[in-house]
Amino acid sequence: MSAEEASAGTEVSVVGKEEGEEQQVVNPWEVSAGKGGIDYDKLVDQFGCQRLDDALVARVERLTARPPHCFLRRGLFFAHRDLNEILDLYERGERFYLYTGRGPSSEALHLGHLIPFMFTKYLQDAFKVPLVIQLTDDEKFLWKNLTVEESKRLARENAKDIIACGFDVERTFIFSDFNYVGGAFYENMVKVARCVTYNKVVGIFGFSPEDHIGKISFPPVQAVPSFPSSFPHLFSGNDQLRCLIPCAIDQDPYFRMTRDVAPRIGYQKPSLIESRFFPALQGENTKMSASDPNSAIYVTDSVKEIKTKVNKYAFSGGQDSIELHRKLGANLDVDVPIKYLNFFLEDDNELEHIKKEYKEGRMLTGEVKQRLVTVLSELVARHQRARAQVTEEMVDAFMAVRPLPNMFG
Amino acid sequence: MGYTKDQLLARLQELNIDFSCYDHPVVLTVEEQVKYVGHLGGALSKNLLLKDKKHRLYVVSALAGTKDDMKLLSQRLGLGKGGLRMAPEENLLEVLQVPLGCVTPFALINESARYRGMLYMFTSKQICYFHPLTNNVTIALSSSNLDKFLMSIGKQSAYVDLEASPDVGKDNPPDLADLVPSGVPNSSVPVENVTPTNVPGQNDMPKEKTRLPDVKAKPKVQNKCAEKTRSKIPTNGTNVEKFVNDVFDIMSPLFLSEVSKKLNVKQEELSSILDGFRERAAPDLESVTMSLKNASYTARFEAGFETMLNLGLNGRSPRK
């Protein structure tokens with residue numbers, strides 16, 4: 001058993017097992033850190049995935065003949081499983097497809113939600129491969145207090161923001177579970193389900209005997225888009241086509257399970273490329289939540305709202321007074337504007353310059369925040385303009401079960 | 001890493017491409033090569049790697065007896081009289097990854113050759129001899145098999161009559177100008193699916209005159225599973241990045257020349273500003289273009305759906 005297989009059965013979501021020490025909890029439904037924030041090294045060890053090193057990033061750059069995405073350069077997508085295999089096969093001229101998704105729990109999307117989609121768009125453009133996007137409206141129905149109609153409606157609304165990220169309709173299939181599950185997709189779900197015991201799924205996801213059976217039987221739904229035979233209208237005859245899944249690292253348990261099962265049902269294991277978590281405005285240890293609009297920048301925010309939120313609520317690592325700041329400089333480890341710039345400021349040189357000046361006290365918090373407001377405003381404006389162009393018919397087109405003849409073009 | 005001869009030959013076999021293979025001592029010129037394979041009756045090729053002022057590369061395979069007239073070729077490509085010259089040795093080694101004396105269309109299989117603005121031109125229709133990435137072997141294959149190989153690596157290529165000497169001037173625009181790879185070197189070369197205007201009687205004897213006035217470009221080979229009902233949509237007609245690059249390529253020279261004239265500033269000084277401007281404008285431009293593309297696809301999709309519902313298959317005129 002490889003280290004990876006071993007940790008597939010490991011309990012990774014038990015809290016407080018050891019006396020006095022708070023464990024970090026990372027699974028698809030709960031992310032909470034011990035003191036000092038998430039320990040990503042520990043997480044990577046625990047999950048058994050690999051870190052994405054500079055050599056791999058350079059390889060991606062070489063193979064795609066374009067500069068690697070900001071998120072790769074800055075280490076935001078920092079872990080992977082078998083990415084090198086995908087790159088090997090791509091180099092040989094073989095194909096693969098992308099799979100990502102969203103649980104449509106709210107109408108309002110914030111920047112953190114957009115991150116995996118922005119990165120996936122880059123992957124689609126760089127490698128010129130097709131993409132399937134799963135909207136898990138059934139999951140939200142099962143986990144939240146929503147009606148079926150509301151879940152379906154939210155899925156469609158979220159689809160519009162996803163489309164606004166700039167996906168290519170000739171290469172992208174968006175589907176919602178309530179609409180699409182059935183046929184070959186369902187056959188694969190049942191095949192996966194037969195390979196995972198109750199004990200195992202409890203161990204991976206932390207279910208308890210009080211959880212209803214809907215939750216317990218959900219995981220195969222998120223697993224099977226990794227298998228091309230789930231999409232006979234797209235990939236028929238190509239059962240062994242490989243899949244690359246960009247996602248946040250809290251989704252890893254689904255795909256550990258999937259990778260464990262895949263060879264047993266005659267399919268290829270999906271590869272993963274995983275990101276860190278996006279910090280809330282008020283600081284790394286706080287949560288972004290829909291009930292607190294000041295915890296995040298939403299894609300519907302106006303320039304004024306962005307300015308207010310950043311100036312008032314973004315947690316600063318600067319000192320309390322200008323004199324102290326000039327003397328001691330800023331603490332970049334906790335400064336949220338710097339973290340946000342790390343994600344969204346394209347120019348590497350400018351970012352380095354800002355970090356240096358800020359750390360050594362020559363640049364003030366106000367200036368850093370001002371730069372951030374400009375960057376975020378541009379981003380949000382671009383998104384809003386694209387979003388305004390998305391019609392109901394366009395959503396229908398993206399979600400139609402149709403062939404994609406140019407998907408590898 | 002560059003392909004080896006054996007990897008290349010294995011790949012040709014995988015693609016069901018017939019070829020005959022002859023070993024001989026290392027040869028660096030066509031004259032030497034003739035000594036070993038000239039008796040076999042096929043046509044020896046003379047292969048050149050040329051470079052233009054914008055660092056785009058051209059691999060030209062001509063029949064061994066053809067006169068090289070680089071000046072004329074350069075004019076025909078719309079590059080002016082001195083626009084083409086022999087590419088330096090480093091390009092041979094770095095981009096094509098073949099040794100001196102070994103320029104060959106097969107080098108286009110290398111990934112390093114894949115992303116440069118590269119055009120391959122060939123001028124014969126029968127069996128021809130090439131080096132398969134190494135100077136001590138010659139392989140012979142028919143031009144249709146060469147086509148097959150080029151299609152498999154998705155390379156743009158063109159059949160050009162290198163014997164023709166059209167008068168390129170005001171009344172006769174450069175006849176090969178639209179073969180020149182567009183965009184900056186480093187973009188992968190997308191391929192147009194132009195319907196070839198075929199001229200009959202092309203299987204001439206291997207003499208100097210090869211009349212091939214038409215230009216044929218090859219479509220990229222799609223994934224097997226997409227083979228079934230292939231509609232012939234040009235694969236780069238809907239490419240957003242290419243469109244945005246084309247827009248900049250149209251606007252930049254105009255802007256540069258007008259502004260430099262008006263403000264009496266050198267074009268070179270302006271072009272770095274323009275590059276920065278291009279980088280900053282690209283994301284927004286790509287975003288609006290993608291919106292347009294998606295909207296237009298949606299409208300076409302709706303129309304197709306309605307047609308199918310109301311008229312069924314009768315809604316479409318027969319394709320044959």
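Please turn the phi angles of the stretch A:387-393 into ³J(HN,Hα) values with the Karplus equation 6.51 cos²θ - 1.76 cosθ + 1.60 (θ = phi - 60°), one per residue in order, whole Hz, x for glycine and proline. Once rounded to whole Hz, the list reads 5, 5, 8, 8, 9, 4, 4.
Relative to the Cα centre, the charge distribution of chain A, modelled as +1 at Lys and Arg Cβ and -1 at Asp and Glu Cβ, gives a dipole magnitude of about 700 debye.
Taking every C-alpha pair closer than 8 Å and separated by at least 6 residues, the mean separation divided by the residue count of the stretch A:296-364 gives a relative contact order of 31 percent.
Within 15 Å, Cβ to Cβ, of B:VAL27, how many net charges do the neighbouring residues add up to if Lys/Arg are +1 and Asp/Glu are -1? All intermediate terms of the calculation are to be shown ahead of the outcome.
Values: positive: B:LYS5, B:LYS35, B:LYS46; negative: B:ASP23, B:GLU31, B:GLU32.
In short, 0.
Out of the stretch A:126-233, which GluC sites (Glu not before Pro) are coil in DSSP terms and have no more than 11 other C-beta atoms within 10 Å? If you can, show how the numbers build up before the last one.
Details: sites: A:GLU139, A:GLU149, A:GLU150, A:GLU157, A:GLU170, A:GLU187, A:GLU210; in loops: A:GLU170, A:GLU210.
Loop-located and lightly packed - A:GLU210.
Taking amide H as placed 1.01 Å from N in the peptide plane, B:LYS46 has its amide H under 5 Å from the amide H of B:ALA62, B:LEU63, B:ALA64, each at least 5 places away in sequence or on another chain. Between the alpha-carbon centres of the stretch A:300-323 and the stretch A:59-108 there is a gap of 32 Å.
For a 22 Å ceiling on Cα separation, which of these pairs sit above it: A:LYS312/A:LYS339; A:LYS35/A:LYS304; A:LYS128/B:LYS54; A:LYS140/A:LYS160; A:LYS144/A:LYS215; B:LYS46/B:LYS242? Pairs exceeding 22 Å: A:LYS35/A:LYS304; A:LYS128/B:LYS54; B:LYS46/B:LYS242.
Modelled spin-label separation between A:ASN311 and A:ALA33, with each label point placed 7 Å from Cα along the Cα-to-Cβ direction: 2.8 nm.
Close amide-amide hydrogen proximity is noted between A:ALA79 and A:LEU52, A:GLU274, each under 5 Å apart and 5 or more residues distant or on a separate chain (H modeled in the peptide plane; Pro and chain starts excluded). Remark: the stretch A:290-387 carries a charge dipole of roughly 300 debye about the Cα centre, counting +1 on each Lys and Arg Cβ and -1 on each Asp and Glu Cβ.
In order along the stretch A:74-91, the phi-based Karplus estimate (6.51 cos²θ - 1.76 cosθ + 1.60, θ = phi - 60°) of 3J(HN,Hα) comes to 8, x, 7, 8, 10, 9, 7, 10, 6, 5, 4, 5, 4, 5, 4, 5, 5, 4 Hz; Gly and Pro are listed as x. Using C-alpha pairs under 8 Å with a sequence gap of at least 6, the mean separation divided by the residue count of the stretch A:62-198 gives a relative contact order of 25 percent.
The distance between label points at B:MET251 and A:ASP41 comes to 4.8 nm (points 7 Å beyond Cα on the Cα→Cβ vector).
Close amide H partners of A:GLY101, meaning residues 5 or more places away or on another chain with modelled amide H under 5 Å apart, are A:GLN134.
Using DSSP to define loop residues, name the trypsin sites (Lys or Arg not before Pro) in the stretch B:249-310 whose beta-carbon has at most 16 other beta-carbon atoms within 10 Å. Before the final figure, lay out each step's value.
Working: sites: B:LYS261, B:LYS262, B:LYS266, B:ARG278, B:ARG280, B:LYS293, B:ARG300; in loops: B:LYS266.
Qualifying residues, ordered by number: B:LYS266.
Loop-located trypsin sites (Lys or Arg not before Pro) in the stretch A:273-367 (DSSP state not H, G, I, E or B) with no more than 15 neighbouring Cβ atoms inside 10 Å: A:LYS287, A:ARG362.
If R0 is 51 Å, the Cβ-Cβ spacing of B:HIS39 and A:ARG92 corresponds to a FRET efficiency of close to 0.85. For the stretch A:342-368 versus the stretch B:280-308, the spacing of their alpha-carbon centroids is 38 Å. Taking 0.36 nm per residue of sequence separation and removing the Cα-Cα distance, the A:ASP396/A:ASN199 pair yields an extension gain of 66.9 nm.
Every number here is computed from the coordinates shown, using simple stated rules; none is lab data. Everything quoted here is computed from the prediction, not taken from an experiment. Cβ coordinates were reconstructed from backbone atoms using ideal geometry, including for glycine residues, and neighbour counts include every protein chain displayed.
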